[in-house]
1. Hand me the list of helices (runs of 4 or more DSSP H) wholly inside the stretch 75-177 holding 1 or more residues that are in the same structural domain as residue 193 (by TED's automatic domain parsing) and closer than 22 Å to residue 192 by Cα.
2. Do we find that residue 150 is within 21 Å of residue 190 (Cα to Cα) and in contact (Cβ under 8 Å) with a residue 60 or more places away in the chain in this structure?
3. Given the criteria more than 22 Å from residue 94 (Cβ to Cβ) and surrounded by 21 or more Cβ atoms within 10 Å (Cβ to Cβ), does residue 187 qualify?
4. Inspect the stretch 46-55 for any residue being assigned to a helix (DSSP H, G or I) and touching a helix residue (DSSP H, G or I) at 6+ places or on another chain (Cβ under 9 Å) and give the result as yes or no.
5. Restricting attention to the stretch 158-179, does a residue exist that is free of Cβ contacts under 8 Å to residues at least 24 places away in the same chain and more than 22 Å from residue 96 (Cα to Cα)?
């Protein structure tokens, strides 16, 4: 018998609890709520139950052992989920403030002895992965887009689904996805995905170099591919806006390669 820990058991607030308090700033995500980690009574009972002794019926032994293992694995997943959401909620405001103010430029990179060259290198130094930082930064515009719908505290997976809709379409469609999911009975990430699909809102392929969240492609940075005879300006614009630092590096490398190519052509090499 599978034992489940729902979002409410690891501190996720449902939208039924009403709107979160929104700061007066025009563009900001909700303030983090207090998180409480509580295990359902069924799981606590299973973990506390005595295992059979060696002389018990083998069928009873295997049943009891599988129940204990299943309960322990459920707790492990719940703790991992709790930890991810805690980081998202409490570190998120600090990451967004650093991103908005570009204050990372005033921090010296211990590896180079010079100010950090970009936001992503500073995040790595601070212990935040690239995919985590993107989620945290993306939460703010998504929360702003949904403000009139009182979404409450957004989760990482909700941001994963909605951020590319906002980035690649617009705020109105982002709200529409939420509204359709609400009519379906839930605003969890699976229902949001169904709502997005029902509205035929295509999402361009995006890539996260960190790969820390396999399958969570909606939070990934758009990839710009070169194809002979084809140029998609919209894809380039989306990629640049998603990661300006990476775009600068790409532009620099392209210019250097062009200079090298022109030099080779002029010398007949």
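1. Counting at least 1 such residues, we get 130-145, 156-168.
2. Considered against the rule, which asks whether it is within 21 Å of residue 190 (Cα to Cα) and in contact (Cβ under 8 Å) with a residue 60 or more places away in the chain, residue 150 comes out as yes.
3. Judged against the criteria, residue 187 is a match.
4. Checked against the condition, which is being assigned to a helix (DSSP H, G or I) and touching a helix residue (DSSP H, G or I) at 6+ places or on another chain (Cβ under 9 Å), the stretch 46-55 yields at least one hit.
5. Yes.
The values are calculated or read from the model by the stated rules, or taken from the named source; none is laboratory data. The shown structure was predicted, so the numbers you read here are calculated from the model rather than taken from an experiment. Quick reminder, even Gly has a Cβ in these numbers, built from the backbone with ideal geometry, and neighbours come from all protein chains shown.
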